[in-house]
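The structure appears right after this line, and notes come after that.
The values are calculated or read from the model by the stated rules, or taken from the named source; none is laboratory data. Computed from a predicted structure; not experimentally measured. Quick reminder, even Gly has a Cβ in these numbers, built from the backbone with ideal geometry, and neighbours come from all protein chains shown. Note: areas computed on protein heavy atoms with side chains; ligands, DNA, RNA excluded. Shrake-Rupley method; radii C 1.70, N 1.55, O 1.52, S 1.80 Å.
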Amino acid sequence: MRHSAVAATLCIGLQACGGAFAADTVELNGLAARCAVCHSATAQATSPLLEGQPEAYFIAQMGAFRERRRTNPPMVAIANELNEQDVSALASYYAAREPAQVDPLAGPAQIEAGKSKADALRCAQCHGAALQGSRSGAARLAGQKPRYTAWTLQLMRS
């Protein structure tokens, strides 16, 4: 049975049980393990961490892949394979998880310079206090992989 069919069936039954149980079910169905191949703290440095990302952000990004407003071919394929219940369950699962600690490439002085730059650019206005992300859908920046953050900022700049 496909993961999405199992997740959809379980999500329908779990709606009355609450989000924490539904989030654990995602893990048990292997969807989160599939994501972790690329999106764990030990995976490639240019793949974002998903733990702690706000639900609205996760759902919006999956929609962007489906609509090809984001164009990473493996993610487009995965996003099109998942149904709405899968995406919602994954979003809840990751929003409830604490981000793994990433070994920073920068020393304390560079980290402090980054915090100062984030303050100067008013990143917290959209990304929330301590850059934890927002319920309105802004990404969690705190604790993200340094190379991924630098790469993303360069893409935005160009």
Inset, instruction - Would you be able to say whether some residue in the range 107-130 is among the charged types (D, E, K, R) and touching a residue at least 60 places away in the same chain (Cβ under 8 Å)? - result: no
Legend entry - Matching residues, the range 134-158, being among the aliphatic types (A, V, I, L, M) and either open to solvent by 50 Å² or more (accessible area, probe 1.4 Å) or free of Cβ contacts under 8 Å to residues at least 40 places away in the same chain (or both): Leu141, Ala150, Leu153, Leu155, Met156
Inset, instruction - Please verify whether the range 113-122 includes one or more residues that are at pLDDT 90 or above, in contact with a helix residue (DSSP H, G or I) (Cβ under 7 Å, 6 or more places away or on another chain) and of a type in the set (Gly, Ala, Ser). - result: yes
